[in-house]
Amino acid sequence: MDLETQFPNTVFRYRSIDALLGERKELERRTIYFAPPELLNDPMEGFRQIYWKGDRITWGNLLRHYIICLYHRVLEALLSDDDKPLKHNSVAVFADLENLPTDAFKLRCKKCISKIEKGKLHKRLLKMLSSLDRNVGESELGNYLGMVHIHWFAVVYNFIIEDGPTNGSKFKVPVPVRLPDVFNELERLTPQILEQQKDTTLEIISEIHQSMNEQMNLITAYNNNDDPKPKKDSLLFDFPSHYLKNLAKLIYPDWYVACFSKRPDNASMWSYYANNHDGCCLVFDIQNTNSRTTIQLNGPSGFSNRGITRRNKNYLLQEVNYHSDAQRANFFTNIGNLSTTKILNNWFKDQKGTLSPLANYLGDEEHEKWHKQYWDDFSPPLLQKLSDWEHEQEQRIILIDNLGFYSSDEGRLFTYDHKALKGIIFGKNVSFGNKLRIMRIMDDHLTGLPDVADFKFYQANYDTRKRAIKISELNLIQYSN
């Protein structure tokens, strides 16, 4: 019997015994957890090739935003315990001057911005970026920010510690190594190389810049006799790259996924997701209507005076594509996860109120067309993985967190009805005792309920003749009304 005949209208979810029976008790609680992208197995999950192509106004606002985020980051570091590293995905990219905690901090941040913007490094960097009539990639922009970062960090740090509260210990600000001279040299060489205007040339430039920055950071730390300290190193040397990666949050809202597979017999998936065949594969019922494949789950649906409400809903299953093509997006013209007022005021207006022409997409005539394209472009990267994962034949449900339903782990914990689970496949290494525990849990779920006869147990074994995983029904173990 082939798998399609054996398992009609189903999808599969590989789970470890620890996930099913351990602290999370997924089987007893009938839960499915929607994971954030950083917990997924492919580092290219949701990858978009973001670039920056702007004018003097937008570049100036990006540098100002960088300083504000750096201010928040330094404040976070000084208010946190020394033994706790800073999370790489927690840079405060939604911050602006208006949401600083006190007027004193706001005034101090404004002074930081003013001092940095009056400096030669800021003026040279802004002039250089504004003159680039081309796309600037993440690595290249990260290199430019890395060249000025320690100088700007010193300004921000010194302003904050003048009279700001701290929980953690203060630390010595390193003395940068001749960064202005390096910047002058790069400023002199870059226009000569860019005359070729070739992508490969730009990549080479970025690699050279990156190598120089890494070496300068090492030399700076070495010259200051610094011992490696995760929190401090993250603040001093990793912040430019962390900042740029977090900027993607301003383009689209957060998203989360629950992953399923079209097949229950892939040996590598049994090994990877089911803990070396010591776990199980859950068999879920699906509905096919109007060319849409769905699973019914119970999850957050709205707000009431008692908090978040929950209800049953059919959630769309979508197939993952396996290729390495990357969607490209200009950051400045794809900021969609802020209010229009904040986008205009914080990104497209200078200090005199002059509006950048790049803000045209926010106008009445262009915005409807832009908005449609914006959402058309949202899902494809979330349904894309490298070809190395093609054996998974994955299908996934995507949650878009427009309203903050799913910001907590609990908010991303969905449940399913007994009718949704059609069977459980035991891995070939599942112990006798764990099989009994699973059977007793299912007995508690199903005893006395209608329509339970369709639920079945299966066993996965290695077929020595076909040299493949074989799924056999345990037909002596049956439930009845």
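Things worth noting here:
- Considering segment 27-50, the residues that are among the polar types (S, T, N, Q) and either under 13 Å from the mean Cα position of the chain (by Cα) or farther than 15 Å from F260 by Cβ (or both) include one that is least open to solvent (accessible area, probe 1.4 Å), namely N41.
A quick yes/no check of all residues on (1) among the acidic types (D, E); (2) in contact (Cβ under 8 Å) with a residue 12 or more places away in the chain:
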{"site": "Y416", "(1), (2)": "no, yes"}
{"site": "L421", "(1), (2)": "no, yes"}
{"site": "G427", "(1), (2)": "no, yes"}
{"site": "L436", "(1), (2)": "no, no"}
{"site": "R440", "(1), (2)": "no, no"}
{"site": "L446", "(1), (2)": "no, yes"}
{"site": "D451", "(1), (2)": "yes, yes"}
{"site": "F455", "(1), (2)": "no, yes"}
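- Out of W347, W375, sole residue that is within 27 Å of the chain's Cα centre (by Cα) and more than 21 Å from S114 (Cα to Cα): W375
- Contacts under 8 angstrom Cβ, first residue in segment 241-257 being in contact (Cβ under 8 Å) with a residue 24 or more places away in the chain and over 17 Å from L86 (Cα atoms), partner surrounded by fewer than 20 Cβ atoms within 10 Å (Cβ to Cβ) and aromatic (F, W, Y), 6 or more apart: K249/F94; L250/F94; Y252/F378
- Candidate set from segment 422-450 (those that are part of a loop (DSSP other than H, G, I, E, B) and within 14 Å of L474 (Cα to Cα)); member that is most open to solvent (accessible area, probe 1.4 Å): K428
- Residue check for L399: assigned to a strand (DSSP E or B), touching a residue at least 40 places away in the same chain (Cβ under 8 Å), open to solvent by less than 10 Å² (accessible area, probe 1.4 Å) and not charged (D, E, K, R): yes
- Some residue of segment 65-84 being surrounded by fewer than 15 Cβ atoms within 10 Å (Cβ to Cβ) and hydrophobic (A, V, I, L, M, F, W, C): yes
- Check on T5, closer than 30 Å to N288 by Cβ, polar (S, T, N, Q) and open to solvent by 40 Å² or more (accessible area, probe 1.4 Å): yes
- Number of residues in segment 333-387 that are surrounded by 15 or more Cβ atoms within 10 Å (Cβ to Cβ), part of a loop (DSSP other than H, G, I, E, B) and at pLDDT below 90 equals 0.
- Search result, residues across segment 460-474 that are at pLDDT 90 or above, of a type outside the set (A, V, I, L, M) and either open to solvent by less than 100 Å² (accessible area, probe 1.4 Å) or within 15 Å of K422 (Cα to Cα) (or both): N461, K470, S472, E473
- Filter result for the condition that a residue is in contact (Cβ under 8 Å) with a residue 60 or more places away in the chain and surrounded by 14 or more Cβ atoms within 10 Å (Cβ to Cβ), over L97, L129: L129
- Complete set of residues in segment 124-156 that are aliphatic (A, V, I, L, M) and either assigned to a helix (DSSP H, G or I) or within 18 Å of I113 (Cα to Cα) (or both): L125, L126, M128, L129, L141, L145, M147, V148, I150, A154, V155, V156
- Residue check, S407 in contact (Cβ under 8 Å) with a residue 40 or more places away in the chain and under 30 Å from P300 (Cβ atoms): yes
- Restricting attention to segment 1-47, the residues being aliphatic (A, V, I, L, M) and under 19 Å from P264 (Cβ atoms) number 8.
- If you filter segment 302-324 down to residues that are touching a helix residue (DSSP H, G or I) at 6+ places or on another chain (Cβ under 9 Å) and either in a strand (DSSP E or B) or modelled with pLDDT under 90 (or both), you find that the one that is farthest from L421 (Cα to Cα) is S324.
- Test: residue in segment 326-345 that is closer than 30 Å to Y458 by Cα and touching a helix residue (DSSP H, G or I) at 6+ places or on another chain (Cβ under 9 Å): no
The values are calculated or read from the model by the stated rules, or taken from the named source; none is laboratory data. Since this is a predicted model, take the numbers as computed values, not measurements. Every residue, glycine as well, gets a Cβ built from its backbone with ideal geometry; the counts of neighbours run over all protein chains shown. We work out accessible area using only protein heavy atoms, side chains counted, and drop any ligands, DNA or RNA first. Shrake-Rupley method; radii C 1.70, N 1.55, O 1.52, S 1.80 Å.
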